[in-house]
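The values are calculated or read from the model by the stated rules, or taken from the named source; none is laboratory data. From a predicted model like this one, the values you see are computed outputs, not experimental measurements. Note: ideal-geometry Cβ built from the backbone for every residue, glycine included; neighbour counts use all protein chains shown.
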Amino acid sequence: MNQDTVAMEDINLLVRRHQGFATRRGFMQFGLGGFAALAVSSSGIRQALAETTVKMMGWQGYDEPFYVGDYIKNNDIVADMTYIGSIEDILIKLMAGGLGDYGLVMPNWAYIPSFVESEVLQPVDVSRLTNYQNIIPYFRDHPALIYNDKQWGVPFTWGGLPMMYTPSEVEKPTSWMDCFNPAYKGRIAMHHDPLGIMEIWANVVTGKRAQSTMITHAELKETIDVLIDMKRNYARAFFMSIGEAIDAFSRGEVVISAIGWEPMKLWCNEKGGAQIDYVYPDEGTLGFFDEACIPVDAPDIDVVYGLLDHLISVDGQVPVGDAIFQGVVVADAVPKLSDAARDLYPYDDIQGFSDKAIMFPFPPTEADGEHATYDDWLEEYERLLKA
């Protein structure tokens, strides 16, 4: 793809989709401020002189593995991270002239087909990665890694979106529909995460599990109607960041959530107020893993592969668990994690986790006359925000 000939309307469409789109990884201390982070680079924070600079894009904290130990120092590398506020930030920037500039990008697995179809990624040659075989088999061999018969990224972190609750106030929930228990009316936490909350609740409403992103317009409307009912009649508030929801849990204002994320447990409990826990409800929830991918025309490709191999080494994985409280993909890294980080994820039962935390495919991007498209999902989400 010639970057100079990218249609401006294509970029404008991505920008329109991107506006107002926050996710769980807009870390709590940044709230909605994460949207301004598209142009923010970690190089302004971590100054160094080196022979090779590798530009990367990913969530705040995803550069931590490169600064633990002496890898980049010993290899004369500057890891220059541009922080994102949504996965679409990556695609927007690559399509708007970033190809040939960036060496690594870190999208969620579900976005890979759209990235590939936009011709911004090159396949990954895992034979060049000495640590690849050390990845936990569930992630190393996951079929979602392959698209159009090629592998486009390497998994390096994972997690789910469980239900958060306060054990001192709530008996351990079993269903997402516990949010409609009259005993918790006015004490339900909802927060801004468009695909996350819609995918969870589309599954609850339709029962389609892995096919819950392939739903009709009527099913999508029904899902949003349920969420609007919750927002109007049961929720304490519709929080615009994870941090706001955590604060409300800590103060005891909310006791159960319509969406969550495992690290919320540690963040909330560190505040010293109400202590919370999480559960994967019987209907299932959203599971995810994020990948490190190499853009088209990435410079210094040998250095890029070295960084990628370090990311999935034991030394590279430990800060994924300890610094950003996400799941690690290398089994040998698990014993080296802090107790709190290790206990946050079911490392002893990855298969059980995968049965409950569903890897929902991305909603269709093109209309087929039957299923609601990604744009339809975002339009319905706007209806929820305005309700």
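Annotations
- Tallying residues that are assigned to a helix (DSSP H, G or I) and at pLDDT below 95 within the range 323-335 yields 0.
- Look at (1) under 19 Å from the mean Cα position of the chain (by Cα); (2) modelled with pLDDT under 95; (3) not assigned by TED's automatic domain parsing to the domain that holds residue 109 and you find that residue 352 fails only one, number (1).
- Residues of the range 330-387 that are under 21 Å from residue 158 (Cβ atoms) and aliphatic (A, V, I, L, M): 330, 331, 333, 334, 337, 340, 341, 344, 350, 357, 358, 359.
- Within the range 191-215, the only residue that satisfies the criterion of being more than 21 Å from residue 87 (Cα to Cα), of a type outside the set (D, E, K, R), touching a helix residue (DSSP H, G or I) at 6+ places or on another chain (Cβ under 9 Å) and not in a helix (DSSP H, G or I) is 215.
- Those residues of the range 308-319 which are of a type in the set (A, V, I, L, M) and within 21 Å of the chain's Cα centre (by Cα), in sequence order: 308, 311, 312, 318
So that you can scan it fast, the table gives a plain yes or no per residue for (1) surrounded by 15 or more Cβ atoms within 10 Å (Cβ to Cβ); (2) hydroxyl-bearing (Ser, Thr, Tyr); (3) closer than 23 Å to residue 261 by Cα; (4) without any contact (Cβ under 8 Å) to a residue 24 or more places away in the chain:
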{"residue": "121", "(1), (2), (3), (4)": "yes, no, no, no"}
{"residue": "124", "(1), (2), (3), (4)": "yes, no, no, no"}
{"residue": "144", "(1), (2), (3), (4)": "yes, no, yes, no"}
{"residue": "149", "(1), (2), (3), (4)": "no, no, no, yes"}
{"residue": "157", "(1), (2), (3), (4)": "yes, yes, yes, no"}
{"residue": "186", "(1), (2), (3), (4)": "no, no, yes, no"}
{"residue": "193", "(1), (2), (3), (4)": "yes, no, yes, no"}
{"residue": "204", "(1), (2), (3), (4)": "yes, no, yes, no"}
{"residue": "211", "(1), (2), (3), (4)": "yes, no, yes, yes"}
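- Spans of strands (runs of 3 or more DSSP E) in the range 1-120 with at least 1 residues of a type in the set (Phe, Trp, Tyr) and modelled with pLDDT of 90 or more: 77-83, 102-105
- Applying a threshold of 6 Å to beta carbon distances and a minimum spacing of six or more residues, or different chains, the list of pairs starting in the range 322-337 at a residue that is within 12 Å of residue 64 (Cα to Cα) and ending at one that is of a type in the set (A, V, I, L, M, F, W, C) and surrounded by fewer than 18 Cβ atoms within 10 Å (Cβ to Cβ) reads 325/266.
- Sole residue being of a type in the set (Phe, Trp, Tyr), in contact with a Lys or Arg (Cβ under 8 Å, 6 or more places away or on another chain), farther than 30 Å from residue 128 by Cβ and crowded, with 17+ Cβ neighbours inside 10 Å, chosen from 267, 261: 261
- Residue match in the range 126-141 (condition: assigned to a strand (DSSP E or B), under 23 Å from residue 102 (Cα atoms) and touching a strand residue (DSSP E or B) at 6+ places or on another chain (Cβ under 8 Å)): no
- Filtered by the rule that a residue be under 20 Å from residue 384 (Cα atoms) and crowded, with 24+ Cβ neighbours inside 10 Å, the range 233-253 gives 242, 245.
- Taking the range 269-321 as the range and being touching a strand residue (DSSP E or B) at 6+ places or on another chain (Cβ under 6 Å) and part of a strand (DSSP E or B) as the test, the residues that pass are 278, 279, 285, 287, 288, 289, 290, 291, 292, 293, 294, 295.
- Pairs where the first residue, in the range 349-368, is over 18 Å from residue 107 (Cα atoms) and the second is surrounded by fewer than 18 Cβ atoms within 10 Å (Cβ to Cβ) and of a type outside the set (A, V, I, L, M), C-beta under 6 Å, 6+ apart: 350/138; 353/346; 367/373
- Among the residues of the range 213-227, those identified as β-branched (Val, Ile, Thr) and surrounded by 15 or more Cβ atoms within 10 Å (Cβ to Cβ) are 213, 215, 223, 224, 226.
- Scanning the range 55-78 for residues that are within 30 Å of residue 192 (Cβ to Cβ) and of a type in the set (Gly, Ala, Ser) yields 58, 61.
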